[in-house]
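Beneath this line is the structure, given in structure tokens, with notes to follow.
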Amino acid sequence: MRALQSFAEGVGAGDGGGLFKKLFGKKDTSRAGIYLDGGFGVGKTHLLASLWHASPGPKAFGTFVEYTNLVGALSFRKTVEALSGYKLVCIDEFELDDPGDTVLMSRLMRELADAGVKLAATSNTLPGSLGDGRFAAVDFQREIQVLADQFDVVRIDGEDFRHRGLPAAPAPLKNSELSAHMKAEFDGKTVAQDEFSTLIAHLAGVHPSRYRQLIDGIDGVVWRNVGTITEQAVALRFVVLADRLYDKDVPILASGVPFDKLFTEEMMTGGYMKKYFRAVSRLTALAREGQNHEPS
């Protein structure tokens with residue numbers, strides 16, 4: 001928290017003052033960026049959001065995926081132009097498992113840093129890698145290449161707050177139980193009800209950049225017959241939906257397999273494992289919220 005408070009004081013510090021200040025004023029010697037490294041649910045996003053609130057604008061806050069989607073929508077050059085006038089750009093959940101997107105974001109960050117924009121990012125170390133010599137931090141510094149020495153790395157350890165001191169994740173409901181639980185939890189609210197296979201098929205026809213709009217105005221979701229996802233492309237799309245649901249704190253009621261069986265064992269040990277671990281953690285927390293009230 002102290003490191004981020006100090007970093008916030010440097011955001012926009014080089015602005016204003018006219019030509020005299022530019023020629024004779026004290027040069028801004030603070031680092032261009034700060035990187036928060038740690039496991040799931042240790043408070044990195046909370047700290048990053050606090051930094052955003054404490055800093056002067058204009059400023060941007062988004063996930064790694066949202067910035068890559070922005071580049072896809074606007075083009076790389078127009079994205080640089082749009083963000084170069086910002087004082088701070090916050091990048092949550094910096095992905096280290098997609099070489100193409102990582103190189104794209106590294107280039108974007110480099111151009112923004114050259115334009116004087118301060119950068120702040122978070123990423124995840126797998127729970128089992130905590131204490132293993134800053135595993136994720138080393139990966140991050142390697143992937144952002146020439147920017148690495150301009151970033152301060154702050155390590156944040158701890159337990160996943162989404163599950164700390166809480167009972168085990170709720171078991172999936174039976175289909176026959178869903179209606180009663182819906183009435184107890186979501187009575188009078190706007191709920192999206194879907195057969196899981198139908199939802200999966202629908203997501204294939206919607207660009208992930210639109211998932212936030214897809215759930216706009218939804219107070220809860222109900223999924224019938226959740227099954228294990230076996231295709232990587234399908235799983236990666238579903239991770240984006242899980243992140244957007246978590247962003248909006250949308251409770252979930254579901255039947256079928258438990259969320260820790262949502263992805264195959266091969267996926268949970270493969271190249272995208274961090275995405276899947278994060279998704280399981282977040283979906284489990286939302287499922288717990290979805291069963292706060294027992295049916296009468």
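Of the residues G271, A254, M182, the one whose Cα sits farthest towards the positive end of the charge dipole of the range 177-291 is G271 (charges of +1 on Lys and Arg Cβ, -1 on Asp and Glu Cβ, taken about the Cα centre). Fully extending the segment from L74 to E159 would add 26.8 nm, taking 0.36 nm per residue of separation and subtracting the current Cα-Cα distance.
Per residue, the range 177-291 exposes 44 Å² of accessible surface when a 1.4 Å probe is rolled over the protein heavy atoms with every protein chain present. Set against the 2.2 N^0.38 Å expectation for a compact globular protein, the range 177-291 has a Cα radius of gyration ratio of 1.00.
Available extension along the chain between S6 and S197 is 63.9 nm, counting 0.36 nm per residue and deducting the alpha carbon span.
Does anything in the range 235-267 have its amide N under 17 Å from the 7 Å Cα→Cβ label point of E289, and if so which residues? It comes to 239-254, 259, nothing else. May I ask you to derive the FRET efficiency for A49 and S179 from their Cβ-Cβ distance with R0 = 25 Å, giving the value to the nearest 0.05? Efficiency computed from Cβ-Cβ geometry: 0.10.
The values are calculated or read from the model by the stated rules, or taken from the named source; none is laboratory data. No experiment lies behind these values; they were computed from the predicted model shown. Backbone-built Cβ (ideal geometry, glycine too); neighbour counts: all protein chains shown. Keep in mind that these areas ignore ligands, DNA and RNA; they rest on the heavy atoms of the full protein, side chains included. Shrake-Rupley method; radii C 1.70, N 1.55, O 1.52, S 1.80 Å.
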